[in-house]
Amino acid sequence: MNTQPPAKRLWINAYMLMFIIHTAQTGVGLVGMPRVVFLESAQDAWISVLLGSLAAIPFAYIIYYTLKPLGRLDLYAVHDIIYGKWIGKLLNLLYVFYLSWVFFNIVMNYIEMIQAWVFNMLPTWLMFLLLASLAIYAVLGGLRVVTGVTILSFLLSTWLVFMIAVPIQYIDTTQYFPILNHSVKEIMMGTLKTSFTILGFEILFFVYPFVDDQKKTMRYVNIALIYTSIQITVVTIVCIGFFSDVSLEKTIWPVLSMFKIVRLPNLERFEFIAVSFWMLVILPNMALYLWAASRGVRHVFQISQKYAVWIIVTLCFIAQFFLSSRLMMNMITDKIATTGTYMSFLYPVIIFLLVRIHLYRKKGAKSNEKNTSN
Amino acid sequence: MKKTLVISLCCFLLASCVEQKQLERLGLITAIGYDIPDESSSSIRGTVVMLNFSPELSNFTNIITQEGVTSKGIRRALNQESSHQVVSGQLRVAVYGKEMAEQGIRSVVDSFTRDASIGNMLYLVIAEGSAEELIKFREGTLTYNFGTHLYNLIQQNVKDQQFPSPTLQNFVNTYDNPGKDPILPIMGIDEDRIGLKEIGLLKGDRLVGTLSNKELFYLLLMMKGVGSGSFDIEIPYEKISSQLYKSKTHNTTEEFRQGSVYITVDNVRTKQKIKLVKKEPPTFKVDVEIKTRVLEVTENIDFMQKKTFDILTDLANKQLEDGIRRNIAYLQEIESDPIGFGSLYQAKERKKELSQDEWVNLFKRSTFDVNVKTEFIRTGVTD
């Protein structure tokens, strides 16, 4: 089994986690999220989003405390320790499948966006190859290059957030009222629907062993999570005020539709720029998930990560041919959102408890040994 | 070396992978008009203004008319007739014939919102007669692009806050809101010019009433973000006679003593506050605060005295309140709610969501308490 901690030259600074976690969270989900949540809790959607995005914080702590006592091990190695060789392998493969699926879904969602907004004749496979080649290029460089990509993407794309200032002028404030007239259940359903957007912090499971100053991990993770929360809550608030009920329910990408009214003197249609720039937003997503998935393949089959990357991308490329309609895309996105919710909210709790039990028994065994030797 | 080669090959070979659109081969639709040819058939007639760029000729515009069942069907038919590929990315204005507007325009608007290539800032207007007539006005003699011309005409008026921006965005948002109705400008031909005639009030997507430009002023007073412009205050002579400026050089002429004095004031800032005070029956309190400056006086009124302003304020308040009340009564009669009283009501109603019909019933029973407060802040550069 390949459970050696990563070499020191591959480590990254703790503050890089800020960029990694934030960019892993923001992606294709963001452009469609306000509508999906709005369908559940209408004008109270922003409360759902705020609750949902802040909920990530305790779960990030759980991930941290799961890995902390074990030193520099990632989730795959933890699985091996807890479940033993064969069940561990199976679970690792399941996790690899999940991560690759997320990777696949991100790429497909973005391609759909391009086809709907800019090039409607663009063949899916071509765009898939172009995007995948970028991700492969980043992943083959290792985590340090992937981290570089996240920082680059963050710096180049944060300005998009400020473009929201234009739609703010068109907000109709009556649309926020009456506040809180939805049942707790509806608001919680909205919170669940937010999960697809907040997903991404589970990447900590795999990045943690590479962090240089591990004590500072949570500080930077928290900064990232809070920044994401603020960002997506503001976007949701603006969307609710900007669109009337029925319009928001019908608009697939409300954030992009909102950009439609931004008009610069020499650029009439800003949303085309936004769609193109969105590639920078999803690139770290793709790279991080592909990286994490390929590490899993490498761990399970004991092959070089390089081959692992090619295997995953090839499988995704084949899968891409079977996905053709908006309905199917919706279904797959919904499925991944639910799976993701379990994977990043429920599963960490389970693995946390199992690790605790394991450590407790090990401690017990050790003290027993001591007793018998005495 | 190998890497560089691969990268540069990618740059050059992939550059034209996606579909291309060459400007010279495109026909850009800048304006489109919709009409109903006759009552019996379900087809619609579309008239488009198409702009071509050609290297030999200078840019020229074409006007083509076609019939179809859907708006995209019309475009398809147009494409068959044109030597250029017809695209609608530069569409600026959509004109609806009055007859069509009376029957509902939603079905045609849908094609705009669904198509990503069409911008949200497109203007929707209603033609006084048929849209075709308006678009074909002075066909052939025009040296400029008609679509852009119409667009600029509306934009200029919107910027001047003569009426709220009739963009697609605004239309769809108000149409989709059960407690609010859209308003669209009605354009007509005035001898040899095209101009803004009236304002069309819609109920849902159907044209149900019109307001003259003068009456529109009172409607705009209640709307947020708009409501500027000048208005005249009529003052009966006997009320103001004591406040006239006594000068040695000119005396008040005899004819004025019988009639009224008019004073034109310009609206500097308007603040409106509409509140729902009671739910059953719906009672709204409409407070409008206007700060104005004097633009023109038909008689020498003495602005040095406070009493002059008291008289003027009273009269202005009364006149504006009457205007607003008259306006609301008309809106109730035609069941159109462009101000959004419905969404204000909805914001306070926690139990259920109103449908359009429920709101119309409530709206007809609503009462309104209108208060206007006028304040004169400047009198120009003379007293």
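Roughly speaking, what is the stretch gain from A:Tyr137 to A:Phe322, that is 0.36 nm per residue apart minus the C-alpha to C-alpha distance, in nm to one decimal?
Numbers: separation 185, 0.36 × 185 = 66.60 nm, distance 2.53 nm.
Full extension of this stretch gives 64.1 nm more.
Is there a quick way to get the dipole size of chain B? I mean about its Cα centre, with the Cβ of Lys and Arg at +1 and of Asp and Glu at -1; what is the value in debye to the nearest 20? Each step should come with its number before you reach the end.
Working: 48 positive and 51 negative charges, 370 e Å.
Its charge dipole is roughly 1780 debye.
For A:Met331, B:Met223, give me the order by solvent-accessible area with a 1.4 Å probe, most accessible first, ignoring ligands, DNA and RNA.
Working: A:Met331 100, B:Met223 25 Å².
So the residues, ranked largest to smallest area, are A:Met331, B:Met223.
Is it possible to state the helix-based mean residue ellipticity at 222 nm for chain A, with each DSSP H run of 4+ residues giving -39500 (n - 2.57), the sum divided by total residues, to the nearest 500 deg cm²/dmol? What is it? Please list the in-between numbers first.
Details: 18 runs with 277 residues, N = 374.
Using -39500 (n - 2.57) per qualifying helix, the result is -24500 deg cm²/dmol.
In the Gaussian network model of chain A, springs joining C-alpha atoms below 10 Å, which of A:His79, A:His358, A:His22 carries the largest mean-square fluctuation?
A:His358
Return the carbon/sulfur percentage of the accessible area of the protein assembly as shown, one whole number, probe 1.4 Å, all protein chains in place. Don't skip to the end; give the middle numbers.
Values: 20600 of 35540 Å².
The computed percentage sits at 58.
Taking the Cα centre as origin and putting +1 on Lys and Arg beta-carbons and -1 on Asp and Glu beta-carbons, what dipole magnitude results for the protein assembly as shown, to the nearest 20 debye?
On the way: 76 positive and 67 negative charges, 1001 e Å.
I would put it at about 4800 debye.
Take each uninterrupted DSSP H stretch in chain A, measure its Cα extent along the helix axis, and return the ones at 18 Å or beyond whose mean Kyte-Doolittle hydropathy is at least -0.5.
TM-like helix candidates: A:28-41, A:45-67, A:85-117, A:124-140, A:143-157, A:184-198, A:217-242, A:270-301, A:305-320, A:326-341, A:347-373.
Accessible area per residue of chain A at 1.4 Å probe, in Å²? Could you put the intermediate results ahead of the total?
Details: 16240 Å² over 374 residues.
Spelled out: the 1.4 Å probe surface of chain A, per residue, equals 43 Å².
Among B:Leu91, A:Phe270, B:Pro338, whose Cα projects farthest towards the positive end of the dipole of the protein assembly as shown, with charges put on the beta-carbon of Lys, Arg (+1) and Asp, Glu (-1)?
So the residue we want is A:Phe270.
Can you pull the Kirkwood radius for the stretch A:153-291, inverse mean 1/r over Cα pairs, to one decimal in Å?
Values: mean 1/r = 0.0571 Å⁻¹.
Evaluated over the stretch A:153-291, this radius sits at 17.5 Å.
My understanding is that a pair violates if its Cα-Cα distance is over 18 Å; which of B:Lys224/B:Lys291; B:Lys291/B:Lys318; B:Lys197/B:Lys364 do that in this structure? List each step's numbers first, then the result.
Details: B:Lys224/B:Lys291 15 Å; B:Lys291/B:Lys318 15 Å; B:Lys197/B:Lys364 28 Å.
From B:Lys224/B:Lys291; B:Lys291/B:Lys318; B:Lys197/B:Lys364, over 18 Å: B:Lys197/B:Lys364.
Ordered by residue, what ³J(HN,Hα) values in Hz, to whole numbers, does the stretch A:68-74 give under the Karplus form 6.51 cos²θ - 1.76 cosθ + 1.60, where θ = phi - 60° and Gly and Pro are x?
Values, residue by residue: 4, x, 9, x, 8, 10, 9 Hz.
List the pairs from A:Lys193/B:Lys348; B:Lys279/B:Lys348; B:Lys285/B:Lys373 whose alpha-carbon separation is above 18 Å, in the order I gave them.
Correct reply: A:Lys193/B:Lys348.
Could you calculate the FRET efficiency of B:Asp232 with A:Lys366 from 1/(1 + (r/R0)^6), where r is the beta carbon distance between them and R0 is 56 Å, rounded to 0.05?
Values: r = 96 Å, r/R0 = 1.72.
It comes out at approximately 0.05.
Collect residues whose amide H, placed 1.01 Å from N in the peptide plane, falls under 5 Å from the amide H of B:Ile44; neighbours closer than 5 in sequence don't count.
B:Gly68, B:Val69
Calculate the mean, over all residues of peptide A:136-145, of how many other protein chain Cβ atoms lie within 10 angstrom of the residue's Cβ. If you can, show how the numbers build up before the last one.
Details: counts 0, 0, 0, 0, 0, 0, 0, 0, 0, 0.
Mean inter-chain Cβ contacts per residue within 10 Å come to 0.
Tabulate in residue order the Karplus-calculated ³J(HN,Hα) for the stretch A:258-269, using 6.51 cos²θ - 1.76 cosθ + 1.60 with θ = phi - 60°, rounded to whole Hz; enter x for Gly and Pro.
5, 5, 4, 8, 6, 9, 9, x, 10, 9, 6, 10
In straight Cα distance, which aspartates and glutamates are under 18 Å from B:Lys72, not counting same-chain residues fewer than 8 positions off?
Of all the aspartates and glutamates, those that pass the test against B:Lys72 - Cα under 18 Å, at least 8 places apart if same chain - are B:Asp35, B:Glu81, B:Asp110, B:Asp115, B:Glu132.
Identify all lysines with a Cα-Cα distance to A:Lys89 below 29 Å; exclude those on the same chain that are fewer than 8 residues away in sequence.
Candidates past the 8-residue exclusion: A:Lys8, A:Lys68, A:Lys306, A:Lys335, A:Lys362, A:Lys363, A:Lys366.
Output needed for the stretch A:260-374: three equivalent-ellipsoid semi-axes, defined as square roots of 5 times the C-alpha gyration tensor eigenvalues, in descending order, whole Å.
Numbers: eigenvalues 419, 79, 53 Å².
So the equivalent ellipsoid measures 46, 20, 16 Å along its semi-axes.
Among DSSP bridges having both ends in chain B, what percentage is antiparallel? Round to the nearest 5.
On the way: 55 of 80 bridges.
The antiparallel fraction comes to roughly 70 percent.
Among A:Ala24, A:Ala14, A:Ala135, whose mean-square fluctuation peaks in a Gaussian network model of chain A (Cα, cutoff 10 Å)?
Among A:Ala24, A:Ala14, A:Ala135, the largest mean-square fluctuation in the Gaussian network model of chain A belongs to A:Ala14.
Kindly give the semi-axes, whole Å and largest first, of the ellipsoid equivalent to chain B, taking each as the square root of 5 times a Cα gyration tensor eigenvalue. Please list the in-between numbers first.
Details: eigenvalues 460, 147, 97 Å².
Calculated on Cα positions only, the semi-axes equal 48, 27, 22 Å.
So how strong a dipole does the stretch A:13-135 carry about its Cα centre when Lys and Arg Cβ are +1 and Asp and Glu Cβ are -1, to the nearest 20 debye? Each step should come with its number before you reach the end.
Working: 5 positive and 5 negative charges, 73 e Å.
Using only the charged Cβ atoms, the result is roughly 360 debye.
In chain A, if the dipole is taken from +1 on Lys/Arg beta carbons and -1 on Asp/Glu beta carbons about the Cα centre, which of A:His79, A:Thr341, A:Val145 is farthest to the positive end?
Result: A:His79, furthest along the dipole toward the positive end.
Hey, if you put +1 on the Cβ of every Lys and Arg and -1 on every Asp and Glu Cβ in chain B, which of B:Gln20, B:Ser41, B:Leu211 ends up farthest toward the positive end of that dipole?
B:Gln20
If I build a Gaussian network model for chain A, linking alpha-carbon pairs within less than 10 angstrom, which residue out of A:Pro178, A:Pro284, A:Pro209 has the largest mean-square fluctuation?
Ranking A:Pro178, A:Pro284, A:Pro209 by mean-square fluctuation puts A:Pro178 first.
In whole percent, what relative contact order does chain A give with Cα contacts below 8 Å and a gap of six or more residues?
Values: 489 pairs, mean separation 143.1, N = 374.
Over chain A, the number comes to 38 percent.
Please report the buried accessible area for the interface of A with B, total over both chains, probe 1.4 Å, in Å² to the nearest 100.
Values: alone 17400 and 20510 Å², together 35540 Å².
Counting both chains, the buried surface is close to 2400 Å².
What are the radius of gyration and Dmax of the stretch B:150-242, computed over its Cα atoms and given in Å?
16.0, 55
Would you tell me the accessible area of B:Asp160, worked out with a 1.4 angstrom probe on the heavy atoms of the protein chains, in Å² to the nearest 10?
Taking all protein chains as shown, B:Asp160 has close to 80 Å².
Show the residues, 5+ positions off or on another chain, whose built amide H is closer than 5 Å to the amide H of B:Leu295.
Amide H neighbours of B:Leu295, under 5 Å, 5+ apart: B:Thr264, B:Val265, B:Asp266.
If A:Lys362, B:Lys271 are ordered by their accessible area, calculated over protein heavy atoms with a 1.4 Å probe, which sequence runs from highest to lowest?
Working: A:Lys362 110, B:Lys271 135 Å².
Descending accessible area places them as B:Lys271, A:Lys362.
Quick one: how many Å² of B:Asp302 are accessible to a 1.4 Å probe, rounded to 10?
Approximately 20 Å² of B:Asp302 is accessible to the 1.4 Å probe.
So what J values fall out for the stretch B:182-189 if you push phi through Karplus, 6.51 cos²θ - 1.76 cosθ + 1.60 with θ = phi - 60°, rounded to Hz, Gly and Pro as x?
x, 10, 10, x, 10, 9, x, 8
The values are calculated or read from the model by the stated rules, or taken from the named source; none is laboratory data. Keep in mind it's a predicted model, so treat the numbers as computed, not measured. Note: ideal-geometry Cβ built from the backbone for every residue, glycine included; neighbour counts use all protein chains shown. Ligands, DNA and RNA are stripped out before the accessible areas are found, and what is left, the full protein with its side chains, is counted by its heavy atoms. Shrake-Rupley method; radii C 1.70, N 1.55, O 1.52, S 1.80 Å.
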